[in-house]
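Written below as structure tokens is the structure these notes are about.
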Amino acid sequence: MQLLLKSYGQSRGLDPASVSSHVIFYYGKLSVPRPFAIKGSELDEHFGFPVRDAIETVNDRFKDRLFSILAG
């Protein structure tokens, strides 16, 4: 992933000084050790701006749509 991430940045005209990739365990149970794993509750801190509320908004929309489909 590290090589692909750096290559992707370069293909977009960037010159990344460093890259890192992590697995996001949105609901909190980590099955990969840190520093390779991030809990969903840590996303805002990791990215340095609000992310979690936007994800929850999308999750709510998909949940409502799914329940609507299942209700028939």
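Those residues that are among the aliphatic types (A, V, I, L, M), in a loop (DSSP other than H, G, I, E, B) and under 27 Å from Ser7 (Cα atoms), I need them from the stretch 19-46; list them, please.
Those that are among the aliphatic types (A, V, I, L, M), in a loop (DSSP other than H, G, I, E, B) and under 27 Å from Ser7 (Cα atoms): Val19, Val32.
What number of residues within the stretch 24-72 satisfy the criterion of being within 11 Å of the chain's Cα centre (by Cα) and basic (Lys, Arg)?
The qualifying residues number 2.
So which residues in the stretch 1-38 are surrounded by 10 or more Cβ atoms within 10 Å (Cβ to Cβ) and free of Cβ contacts under 8 Å to residues at least 12 places away in the same chain?
Answer for the stretch 1-38, where residues must be surrounded by 10 or more Cβ atoms within 10 Å (Cβ to Cβ) and free of Cβ contacts under 8 Å to residues at least 12 places away in the same chain: Leu4, Ser7, Tyr8, Gly9, Gln10, Leu14, Pro16, Leu30, Val32.
Given the condition under 22 Å from Leu4 (Cβ atoms), surrounded by 10 or more Cβ atoms within 10 Å (Cβ to Cβ), touching a strand residue (DSSP E or B) at 6+ places or on another chain (Cβ under 9 Å) and at pLDDT below 95, answer yes or no: does some residue in the stretch 47-54 qualify?
Scanning the stretch 47-54 turns up no residue that is under 22 Å from Leu4 (Cβ atoms), surrounded by 10 or more Cβ atoms within 10 Å (Cβ to Cβ), touching a strand residue (DSSP E or B) at 6+ places or on another chain (Cβ under 9 Å) and at pLDDT below 95.
The values are calculated or read from the model by the stated rules, or taken from the named source; none is laboratory data. Here the structure is a predicted model, which is why all the values come from computation and not from measurement. Positions of Cβ are backbone-derived with ideal geometry, glycine not excepted, and every protein chain shown enters the neighbour counts.
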